[in-house]
Structure formats: C-alpha cells, structure tokens
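Input: a single structure, listed below in structure tokens.
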Protein chains: 4
Amino acid sequence: MIRFENDYAEGAHRRILERLLETNEEQTPGYGTDKHCEKARTYIRKACDAADADVHFLVGGTQTNTTIIASILRPHQGALSATTGHIAVHETGAIEAIGHKVLTLPSEDGKIQAEQVKALVEAHWSDAAHEHTVQPGLVYISHPTENGTTYSKAELEALSLVCRECGLPLFMDGARLGYGLASQGSDLSLADIARLCDVFYIGGTKVGALFGEAVVIVNDALKKDFRYFIKQRGGMLAKGRLLGIQFETLFEDGLYEEISAYAVELAMEIRAAFTAKGYSLRYDSTTNQQFPILPDAVLAKLGKTYSYSFWEKYDDTHSVVRFCTSWATKKENVDRLIGDIKRL
Amino acid sequence: MIRFENDYAEGAHRRILERLLETNEEQTPGYGTDKHCEKARTYIRKACDAADADVHFLVGGTQTNTTIIASILRPHQGALSATTGHIAVHETGAIEAIGHKVLTLPSEDGKIQAEQVKALVEAHWSDAAHEHTVQPGLVYISHPTENGTTYSKAELEALSLVCRECGLPLFMDGARLGYGLASQGSDLSLADIARLCDVFYIGGTKVGALFGEAVVIVNDALKKDFRYFIKQRGGMLAKGRLLGIQFETLFEDGLYEEISAYAVELAMEIRAAFTAKGYSLRYDSTTNQQFPILPDAVLAKLGKTYSYSFWEKYDDTHSVVRFCTSWATKKENVDRLIGDIKRL
Amino acid sequence: MIRFENDYAEGAHRRILERLLETNEEQTPGYGTDKHCEKARTYIRKACDAADADVHFLVGGTQTNTTIIASILRPHQGALSATTGHIAVHETGAIEAIGHKVLTLPSEDGKIQAEQVKALVEAHWSDAAHEHTVQPGLVYISHPTENGTTYSKAELEALSLVCRECGLPLFMDGARLGYGLASQGSDLSLADIARLCDVFYIGGTKVGALFGEAVVIVNDALKKDFRYFIKQRGGMLAKGRLLGIQFETLFEDGLYEEISAYAVELAMEIRAAFTAKGYSLRYDSTTNQQFPILPDAVLAKLGKTYSYSFWEKYDDTHSVVRFCTSWATKKENVDRLIGDIKRL
Amino acid sequence: MIRFENDYAEGAHRRILERLLETNEEQTPGYGTDKHCEKARTYIRKACDAADADVHFLVGGTQTNTTIIASILRPHQGALSATTGHIAVHETGAIEAIGHKVLTLPSEDGKIQAEQVKALVEAHWSDAAHEHTVQPGLVYISHPTENGTTYSKAELEALSLVCRECGLPLFMDGARLGYGLASQGSDLSLADIARLCDVFYIGGTKVGALFGEAVVIVNDALKKDFRYFIKQRGGMLAKGRLLGIQFETLFEDGLYEEISAYAVELAMEIRAAFTAKGYSLRYDSTTNQQFPILPDAVLAKLGKTYSYSFWEKYDDTHSVVRFCTSWATKKENVDRLIGDIKRL
C-alpha cells in the first residue's frame, strides 16, 4: 500500500534525525531553556521579521490550540472559528474542556471572512441581553485550512483590521503552514503573517519534523506567563531540546520552505492528473492536500494500491476523498499514481 | 559542566535512535494504530503478566497524570496524594485545571500508607455534611517517589487492599518506574504492580527514550473510551509510531531493565561516596536520585564542575541537593565525582 | 407600562408568600433536609406517579441545567440540543464552562426529533476516527420549547425509545413545564414525562414561585451523589426550606396546574386576537408565549402601552415579538390589549 | 428543640417579608435591572463610602465565591486562603471545579497574616522553576472567619498593603459581615473594608434576608464583564428584584447593623455563661458564633433541649461545639440556655 491518506505517515526529514544523533550525548538543561531552543528561536524570529516575538515549542496541534486559547480567553469568552475549523470538529471538545465555546461561522471553503467576524461581533454587542450569551474573545483561523485553501494577503489584512477594530486577537493555526507558504499563487509571507496575526504557530509535525509546533506570539499583551500554560496543559517537554534541534534544522538554512515547496509541487501534479481526466475538485486547494470527487468504482480500483482519506459522500455514486503529499512523498510513487489515474 | 541535576539531560539510548532511523521511511497509519505500537503493547503486556491490560502511549508525565485522572474521577471527586506528590506541587495546577482537588496526605518520605487512606476515607463518609466536601475518588502514588523512595511489596499490597475496600482506583505514576524496579532491595516486580494497581504508567522519558510514557490500564472499568481522553488532552501523537518504536525497543529484550539497573548502580556509588565522607542523606533513596545534606561551602566547590538540583535549605549552613544518574550517565563522570567527593 | 415581555415580572403567588410568612419563625435544619422539602418531595413524586424518584430543589434554570449535565456526562461527552435550546444560546456558555460541548441539531420550531438523534449517534460511531470528536452523552430537550411549542406523547415516546436504544439519558428542561402541561391539545401528563425521561425539572420561577426548580431524577443510574453536584455548583440553598415551602404550596392541592391553565387560557385569547386581525404567528405555540409577526408600525403603537420582547427581524417592515402571560397576568390587562389589537 | 446550630434556621426578618408582599404585584424588568436593585445599590455604595463601586446581587455564598474568583484569576493562578477557609474545605471543590487551586496558608484562628502572604509570594517568584507551580493570583479572607474571629483594622491594612505590593487582589468573603462589623471591639467599618479590599460581599442569607449576597467591586480592574460571570455561574436571578428588595430593606435605615448587633450581644451573653462556668473557648470569637470546649456528658445533657454543631473532638472526653445566634434568635431562648448552663 502506497499511502497518500495523510501527511504524517513517515518519520522525519533525514537531516533532523542526523542532528538528533549528533547531539544525542550533549547534556542540556530541560524544559526549553537550552541553546538549541535559543538558536531555533533566533532563526524563527528572523524568518518572521519579528525581532520581539516570543517563540515557544510545543508537541502537537490540539495541545497547541488548547494552550494558546486558554492563555487568551477569559471564562465568558469564546473562539470564533469556521464550522470546519479543527478546534470546532476534530479535537474531541478540547476547547470546551478548557471552558470555552467555539462560536462557529458558516464556511464553504474552510475560510472565514472579515465581514462575518464583524457581523457576529456587532450582533453580540447590539443584543441588550448580551451577557446571556458567550462574548466573542478571539478569532481562530487555519492556514492553509483543513480543506487545503489559503488566505490571500488582502483577505488576511481585512481580517486583521476587523479583529483589531473589535479588540479580538487573531490566532492562526499553522499546522500545515509550510504548505500554505509554498502554495502556488500565495502572496503571503511569514513576515506578513507575523505582522497581521497576534499569535500563530509554525507546524513541524506535518512538515519535516518528528513532531513539534513553534508558537510565535507577536502581540505583547499575549506573552505574559505563557510558560505556565505550556506546563499546565502538558506541553512542556522535559527534553525541550528535541524541539529546539528540530526547528533549528528546519530554519537554519531554508529547509522548511524547500521541503514544503517540494510537497506542494507533487500535489499539484496529482491535481492536474485528476482534472485532466475530467474529475472535479471539492475545494480549490493549491497546497499539499487535494480533494477530488471520484466515482466509487474508481476509488475501489485506486484503493488497491493507494491509501487516501474518505472525506464525505458526494452523491450516490461519488465520494470526496483526500490525497496528501508531504516532504516525505516519493516522486516515483506520485508518478505511479499519475500513471494509474491516466489509465483509469 | 558535568550534569547530575536531572535524569533527562541527554537524548535517547542509541538503539532507539537507530531504530528510528531504520524505520524512518516506513509508512504507517497515525494515532497509535500502527504495528510498532501493537508490538510494544504485546511486549509490555507480557512484561506485566497482564494479558488483558490496555496499553496506551502518551508523550509526557503531566499530560499522562492529567489524562488518567480526568478519565477516572467524576466532577465532585478528588485525588489523594502525598503532599509531595508531583500532581500536588509541580504541575502548575494541572489537576485543578481539569476540575479536581488534590486531597493531600502528609508524608515525610514521599510515600503514603494504607492507614492514611483509610482514615481520610472514613473521615469523609462519617461527616454528616460530606457532600459539602470533596469526595475521595482515587489514590495517586509515585514509585519511586519524587524523593527516590520506593514502596515495598507489603506496603503496596496493604494500599491496594484498602483502595479496593474503599472503592478507590489505585494509580501509580511510574515516571521513573525502571529505577524503582531496579532499586536495591526492591521486592516489587512489574507483575506485582499490575496485580496491585488499577492503572499505572511506565516512564520512558527518564529511562532511555526521547520521550514517552506507556499507560497500562488493568482494571476493566477504567478502560472505556480512554482514547477520547488522550485526544482531548492533547496526547494523541499524529506519528504514534514514534512511541511504539521506542517502547518496542525498550521492551523487546530487556533493555529497559538493563539500563535502569546501570543507572541505579552508579547512583548507589555516589551515595556511598557521600556517606563514606560522613554526609547524611535527606531521604533513604535506593534509586537513581540521591539527596545528600551538604555544607554550602562544599556545594560551592562541587558546583564548579558538577551541576545538581537545589532541593531545600537544611539549616543556615547546609542544603539538601539532588544528584541524579540515568541510563545515559557516563561511568567516568561518576568516578570523577566520587574522586572529588573523597578529596573534599 | 403593562408588561407582557416575560413570565417573571411579578413576585410569587399570594399563597406562597402567605405560607412563607406563616412558617417564618419555624426553626429548620438547612440544605434541604427539612420537613417542608420532604413534604414537597412526596407531593411531587405522587404527581409524577414516580414513587422511587429522587427530588431535589435548586434555585434557577441555568444552574439546574449545568448541575444536571455535570452530573451525567463524562469529560469527552456532549449534550445534544436543538440549535435554539437554552443551553446552546442563552446561558453564557455555562455548559462549555463545565467542559462540555453542546452538539446542536437544526430545528425550525425548537423541538428535535427521534430521527435526528439517531442519525447523529450513528454518524458518530460509524466514523473511524470517532475519538477525535465529541461523543454524544445525553439528549437535552425543553418542554415547552423556548418557542412555546410542545412535544406530543408520540414524539416524546419516539425520542425516549431512541435515547434508550443509544444509551443516552433524556433530560427535559421544564422551566415552563406547567404551561406545557396546560397547553391546549397536549396529551402529555407529568406521569408520562416521568416514564419517558431519565431526569427533568419542574419550573417554579416562571410558574408561581418566587424562584426554584424541582429536579426529578427517575433513572436510578443518575441518582448517585447528586447532592455533591448541587453544592459544588452553588445551588444548595442554606435555607432549603424556602424551596420546600414553595413547592409544597404549588403541589399540595393542584395550584401548579391551576395557575398554569389560567395563563395559557389568556395567552390563547391574545393569540386569537392577533390571528383574527390577520397577523401570522412565527411559531404554533399553544402555551403561554405567543410570537406574532407584526408590522413595525403596529409594534411602535402597541409599545406605548405594552412591553413585549423583540425576537427577530422578519423582513424590512416586520418583526417577530413575544407576548407572555403568566400565573400573575391580570385578566383586565389582557382584555385591554385585545381591545387595542382589535382597534389597530 | 431550640436551635443554636447555625444562623440560617429561620426565614427572614419580618420587614423583608412585608416588603416582598407590598411589592409583589409590581411588574419589573428582570435580571437585576429594576429600580429596587438600583436603590439597594445606592444605599450600599453610601454605606461603604464607595461612590464608584459596582454592586451586584447573587443568591448564595459558594456561588458568590466561585463567581468572583472565576472573574479574577487566569487559569494558571490560585487563590491564597487559610487552611480553614470556606473555599478550601466546605464548597465541594467548587474552586477547583472552575480550574483553580486553593493555595492554603496554615492558620490557628482562621485568619491569615500579611507576612504569610508575602512569604508565599516571594517563595513562588524566587523558585527558578516557578512556572511548574501555581502562581498566586488573589488573596481570599473571610471576615468574620469560619471560627468567629475578626481582623483588626491594623491587620487588614497590613494585608491590603502586601496585596497591593504583590499585585494580588484582596477578596473578603463577608457571608457573616454584619456580625463582624458588630463584633465587640471591632475597629473596622464598611468604609474601611471598601478602602482596603478590592472586592468583598455583604452577606444577607445569615443576616436577615431569605437569601442573597451583595458583591461590592471596588477595584476598577475587576469590574469588567462581571454580569457575564453571574449568568454563566447560574447566579443571575430572573426575578432580580427579590434581591434588590431585600438589600433595600436591610440598608435603607440601618436594619442590617441593628440586627447584627442584636445577635452578637446575645452570643456574648452565651459566651459569658460558658466562661463563668469555667469552660474554655476554642476560639476567641466576639461575633455570633461561639465555640466552647465542653465535656461530652454536658453536651449530651444540653443536647436534649438545644441543637448545636459538632466542631471537633478536643480530647477523649471533650468536644468543641458551635452555638450560633442570629438576627432571629429569641431572647427568651438565650435566657433559658444561660439558665441551663448555670445549673449544669
């Protein structure tokens, strides 16, 4: 079975494993206070053009979302999110488990627009009994979204402006951020994101690392006491250096961008193969996840050799599925898949 | 600086890193459903002589404690713990953050005794207004304790009996379990622990792994839906195989026991050096952590070459400090330390 | 201003105040253990034909919903509710604040149907990654709903059946239960409700009492330790007798039913006046709340004399508003309103 | 049985019940926005000499403690309290249930001293790994304490000063505040309390009202969004006027002070009777609660006519018990008790 079902099927980029081996016997202090973490922070601040940002390293996505949101909201506030947002559907109620409602905004493509945020905020405050309802407290977006779509610079600027007008921190879940930055046609840089968001994270788990997410807190007001939150929510790795070493490797000379671009390129080839064959796409993704709408018979056939994720039933005879590439995807496997698509 | 301050100063046992490299390009399904996790589960069940136990892999200690306790207690219940228990002092209120009080029992050495549990439970139920107070819901112990002490089989049997009489699950935090099993004079086996506890975990972070804790649920009543809790509390690693591979390596042929014994042996040599020199020990630890009471002048001198943890002031001129060994400790460094102690 | 905006604009039924005066100097033990509470429990069990039910008294609706749900769900479970359910919109995230997601089902009229519950439950369990999502844990309904609509016996039986098949406790919020029982055409008795639900409450605040809700727990599995939950959630009134005295008065000789019927009768007269005048109703309510769709000009006119609640904009020139009656509504005020409607 | 076991055995002061009757048919808006609440707020601000204070009305003590603490602390912070503080022992873990640890300070008499607070705060911040422990977030005191003792003005000024130096809001639980103000020898006025605390409440439940606590928020930084917290924690009474009417009555012409003084006077007579007879007191209480240490044989005898609370075993043949007076205590019952004490 050749796996295209997700972007975390392999271990880590070889250079990361090598670096772990090289540094294995070094003795370092714990909990993210070592020199590897410090170097990684420096590289990331530079990549983000955000010299004053706080950078922290956590282990996984759900944990990172929970920790950041816990650190921002007061108990009567909720997080705005697209109905399809990861925090709204796929974290077993982790946000509710820390006491907060996810205030969902309808979305066809996984993105939310500035006007939606504005409308919800205005509706809240114009309600005479607003204290009977959850107060909007922050805006959560994912980039790329769970559907592979991305925000344009203009869209993110509009969102950021509304958030600042409304006093709502803007938080970007960047579990797949590399693939968003490498998205074909994307005009958003890391520096733009750091300028427009209040806090975001740079995903490592799906982009070359064994695991790990780098949180970048740009807004000074959100920096205070964040290490307490990491510890309380179980994210403070004793051997914090493991995260430092990985992000050091990814950001010291552009590895993160390079392997992201590679994965997106392969994904676009798969996309082209499906569309050339006349199949439609459920979402217009220009990132590493592709969502073709395929006849169930075709899926059965492809499924003998390739694994994919089932997304949803489209109609009685078609399904939407997900094919993912990643930094680890082998070119020859993509070629073989494309050949098989052509021969369908 | 030669570090004896903790037992997580290095990376992982070389065999673990090699195995990660060997398996790096394998494609596996996510979230702990891969074959490495399955193998590791089999090895651990065997080592525990607990064929029906559920085995889950989590990333770190605080997360594991939180997840297990969340899965057991109802909202009005609390966890009994020694006042020195990790959950009572060093987890930034993680247990309270999930809604539960830690009901502390005084302890000189880090252990709690069966009679203490019994007395607290009886006091609760004999209070006419018991519903105005937190109901005892489980008993948390650490083995070895935070002070390096260990339970004897007789002590654990007594605790287990009282817990079963009182209807309280007994949960053992085994963050350093290897060093407890290898403790000189210990008569407790993994199989005993599995027989006497309802749930426990086998720590990897401090015993050879990069990170990772293996939770063993023996009591059927505690097994239901545990994967939801792992996910909700942020402990479900996308690349679950990383945990599987590490525990597979540690348990396939006795590596876990072997490296634990090595660390304890070195620690006992350090202990002997201090006592030979006439220094007392704060706790009677037969595990990898040693707590000598030293004159501050001596500490200043040793501190030029060796790092240790400050534990507490003993009197105006003495302090209790902690020297740790681990699977990674170099024999030559211990020899050098012992030489320096002799020359004090 | 004559108030029809809600059903809690006045104090309490005169007989309740008299009884409070009569008993004022009695000395009773606290926290709901007095003889008035005991009598009230007996009357309520009889009215529900549920001799084994546990009956508890709490102060208000949000508190009661929170307490009941906290006592039933495990942390990874959520409460199913109509999108319009009180717990989903008007409790400032109280359910999320105790850690649980509200899993909403779309509803036009405020009710949910057995098939919706079944579909959601089946979708959950058929998802291979179900532990990544919130597990359905109970079903919350309000009767009458926030829109004044009511369940028929057949609907409630179907819901109850599905809930039992799915292992989900069925919880009825009866903040306005009296008005539901008195609803014209209703075929549901208190005994039916007690037979078909696992837990429900009989609202006092809106039906004659100063305040207070009587929780009836029918399902034995939900009875354990409920008093701890009342205390922890702040609902255990020191002078519990205040609640006992009120429910004793309401249930000793049918006062609750009598004053509910009176309020519904007046509401139906108002409804008839609006429809006679050609106005439509937003919901087909046969209870004490009526929701006419009125031209904004008409509203401005009526608003000079009568208060009502704004519900929602219907179109550019019309709004949906709510007129409530209650046990305290004066017949002459209703007559005056009806006269003014006729003269519009 | 003549009850001295607590101070909530009767209903309410007759003037409160009369006022409830007089106003019963008034129609008012809900949720504390009516004119009675507004009047009560004005009276209370005046009594506290705190023209800018926010005043809110809640139903009971546990609820009020929970709501205030939830509104102040961030998730990684805890509340400092005496080990005997109500929040530390008698609220079924309500503070933990909202996510916060109670950081206890040892206390013999129920009070905490400025130096204890300072020491705990300094210990926290001087710990290099302070983010592994709960951060001090506020200081909770009760006045009078659960043991009937009171703070002097000098003590409260010292506490207040330390709290402000440490950036910790000072919160006074005044469930029995009236009895503290009337305490013989007390030099603390309501205005002093408002000047020295950041937030406190004036208890009604135990001092003349049917129920109700008036929260006074003096510190501007703590005022924001407090109504959301009241609603979320279930404390927003639909008929908020019930609370307004009661506090209006208690504060319009000094009733609160008058009935508090009456109760304290009677308590001091009981105290004098016990000490005249040679019995010691467990606590030096000058308020409405008295804690004599009595031979168990004496208790058995008194227990035939009078109820008291068991507090703790003193030795094999003696117990500490509590005798309470209140606004409702009958002079003749106190005289009879005193007579019986004399005749022991």
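The values are calculated or read from the model by the stated rules, or taken from the named source; none is laboratory data. Just so you know, these numbers come straight off a predicted model, no measurement behind them. Here the Cβ is made from the backbone with ideal geometry for all residues, glycine too, and neighbour counts use every protein chain on show. SASA here: full protein model, heavy atoms, side chains in, ligands and nucleic acids out. Shrake-Rupley method; radii C 1.70, N 1.55, O 1.52, S 1.80 Å.
Accessible area of chain D with a 1.4 Å probe: how many percent of it is carbon plus sulfur?
Working: 5800 of 11430 Å².
Carbon and sulfur: 51 percent of the exposed surface of chain D.
Which order, highest average first, do B:35-43, C:124-132 follow once you tally other Cβ atoms within 10 Å for each residue and take the mean per peptide? Mind showing how you got there, number by number?
Numbers: B:35-43: 19.2, C:124-132: 13.8.
Packing order, densest peptide first, comes out as B:35-43, C:124-132.
Cβ neighbours within 10 Å, averaged per peptide: list D:318-326, C:74-82, B:252-260 in order, most packed at the top. Spell out each step's value before the answer.
On the way: D:318-326: 23.2, C:74-82: 25.3, B:252-260: 18.2.
The packing order, highest mean first, is C:74-82, D:318-326, B:252-260.
Amide H to amide H, which residues 5 or more places from D:W327 or on other chains are under 5 Å from it, using H placed in the peptide plane?
D:G208
Using each residue's phi in the range C:201-209, evaluate 6.51 cos²θ - 1.76 cosθ + 1.60 at θ = phi - 60° and report the 3J(HN,Hα) Karplus result to the nearest Hz, with x for Gly and Pro.
9, 9, x, x, 3, 9, 9, x, 8
List every residue whose amide H lies under 5 Å from the amide H of D:H318, counting only residues 5 or more places away in sequence or on a different chain, with H placed 1.01 Å from N in the peptide plane.
Amide H neighbours of D:H318: D:D296.
Rounded to the nearest 5, what % of the DSSP beta bridges within the protein assembly as shown are antiparallel ones? Mind dumping the intermediate values first?
Working: 84 of 148 bridges.
Counting DSSP beta bridges with both partners in the protein assembly as shown, the antiparallel share is about 55 percent.
Which helices, taking whole DSSP H runs in chain A, have alpha carbons extending 20 angstrom or more along the helix axis plus mean Kyte-Doolittle at least 0.0? Walk me through the numbers on the way to the answer.
Numbers: long enough: A:255-276 (32 Å, 0.62).
Answer set is A:255-276.
Name the shape class, rounded, prolate or oblate, that the alpha-carbon gyration tensor gives for chain D, where a ≥ b ≥ c are the square roots of its eigenvalues, rounded holds for a/c under 1.5, and otherwise prolate holds if a/b is larger than b/c and oblate otherwise. If you can, show how the numbers build up before the last one.
Values: a/c = 1.91, a/b = 1.15, b/c = 1.66.
The shape class here is oblate.
Given charges of +1 on the Cβ of Lys and Arg and -1 on the Cβ of Asp and Glu, with all other atoms neutral, how large is the dipole of chain A about its Cα centre, in debye to the nearest 20? List each step's numbers first, then the result.
Values: 37 positive and 46 negative charges, 145 e Å.
Roughly 700 debye for chain A.
Answer rounded, prolate or oblate for the range B:284-330, using the Cα gyration tensor with square roots of eigenvalues a ≥ b ≥ c: rounded when a/c is under 1.5, else prolate when a/b is larger than b/c, else oblate.
Since a/c reaches 1.5 but b/c is at least a/b, the shape of the range B:284-330 is classed as oblate.
Count, for each residue of A:55-68, the Cβ atoms from other chains sitting within 10 Å of its Cβ, then give me the mean as a whole number.
On the way: counts 0, 0, 0, 1, 7, 7, 3, 9, 7, 1, 1, 3, 1, 0.
Per-residue shielding by partner chains comes out at 3.
Between the range A:131-200 and the range B:129-174, what is the separation of their alpha carbon centroids in Å?
Each part reduced to its Cα centre gives a spacing of 47 Å.
Which whole-number percentage describes the relative contact order of chain D, with Cα contacts under 8 Å and a sequence gap of 6 or more?
On the way: 672 pairs, mean separation 87.9, N = 344.
Worked out over chain D, it gives 26 percent.
Sorted from shortest, what are the nm distances separating the label point of B:E108 from equivalent points in the other copies, each placed 7 Å from Cα along Cα to C-beta?
The answer, with the shortest distance listed first, is 2.4, 7.4, 7.6 nm.
Which net charge results when you count Lys and Arg as +1 and Asp and Glu as -1 among the other residues whose beta-carbon is under 13 Å from that of B:C166? Numbers along the way, then the final one.
Details: positive: B:K118, B:R164; negative: B:E115, B:E122, B:E165, B:D198.
Overall, the nearby charge balance is -2.
So what's the net charge close to B:L188: Lys and Arg +1, Asp and Glu -1, counting the other residues with Cβ under 11 Å from its Cβ?
Details: positive: B:K153, B:R195; negative: B:E155, B:E157, B:D187, B:D192.
Net of charged neighbours comes to -2.
Checking the a/c ratio against 1.5 first, then a/b against b/c, what shape does the Cα gyration tensor give for the range C:181-315? Could you put the intermediate results ahead of the total?
On the way: a/c = 2.24, a/b = 1.99, b/c = 1.13.
Note, shape of the range C:181-315 comes out prolate.
Could you check which residue among A:E108, A:E22, A:E91 shows the biggest mean-square fluctuation in a GNM of chain A with a 10 Å Cα cutoff?
Checking each option, the largest mean-square fluctuation is seen for A:E22.
Treating the point 7 Å from Cα along Cα-beta-carbon as the label, what are the nm separations from B:Y314 to the other copies, to one decimal?
Here B:Y314 shows inter-copy label distances of 4.3, 7.5, 8.5 nm.
Tell me, Kirkwood radius of the range C:1-52 from alpha-carbon pair distances, in Å?
13.9 Å
Taking the Cα centre of the range B:293-344 as the origin and placing charges on Cβ (Lys, Arg +1; Asp, Glu -1), which of B:W327, B:A297, B:I341 is farthest toward the positive end of the dipole?
Ranked along the dipole, the leading option is B:W327.
Per residue of B:130-137, what is the mean number of Cβ atoms on other protein chains within 10 angstrom of that residue's Cβ? Before the final figure, lay out the partial values.
Details: counts 4, 11, 12, 7, 10, 4, 0, 0.
Per residue, the number of nearby Cβ atoms from other chains is 6 on average.
Which of the peptides B:60-71, D:331-342 is most tightly packed, and how do the rest follow, going by the mean number of other Cβ atoms within 10 Å of each residue?
B:60-71, D:331-342
Just from its helices, what would the mean residue ellipticity at 222 nm be for chain D, if runs of 4 or more DSSP H residues each count -39500 (n - 2.57) and the sum is divided by every residue, rounded to the nearest 500 deg cm²/dmol? Please list the in-between numbers first.
Details: 14 runs with 140 residues, N = 344.
So the helix-based figure for chain D works out to -12000 deg cm²/dmol.
In the protein assembly as shown, if every C-alpha pair distance is counted and binned at 10 Å from zero, what percent goes to each bin?
Calculated over all Cα pairs of the protein assembly as shown, the distribution is 2, 8, 15, 20, 20, 16, 11, 5, 2, 0, 0 percent.
If you take the accessible area of B alone plus A alone and subtract the pair, what total do you get in square angstrom, rounded to 100, with a 1.4 Å probe?
Values: alone 14980 and 14970 Å², together 25670 Å².
Chains B and A together bury roughly 4300 Å² of accessible area.
Which residue in chain D puts its Cβ closest to the axis that rotates chain D onto chain B, and at what distance in whole Å?
Result for the D and B rotation: D:E96, 2.
In the neighborhood of D:T28, defined by Cβ-to-Cβ distances under 14 Å, what is the net charge if each Lys or Arg adds +1 and each Asp or Glu adds -1? Working shown, then result.
Details: positive: C:R3, D:R19, D:K35, D:K39, D:K239, D:R241; negative: C:E5, C:D7, C:E10, D:E22, D:E25, D:E26, D:D34, D:E38, D:E248.
Within the 14 Å Cβ shell, the charges total -3.
Counting DSSP beta bridges with both partners in chain D, what percentage is antiparallel, nearest 5?
Details: 21 of 37 bridges.
Antiparallel: roughly 55 percent of the beta bridges in chain D.
Shortest first, in nm, what separates the label point of B:E26 from those of the same position in the other copies (7 Å along Cα→Cβ)?
2.9, 7.3, 7.6
In peptide A:205-215, how many Cβ atoms from other protein chains are near each Cβ within 10 Å, on average? Don't skip to the answer; put the middle values down first.
Working: counts 3, 2, 0, 0, 1, 8, 7, 0, 0, 0, 0.
The mean count of partner-chain Cβ atoms within 10 Å per residue comes to 2.
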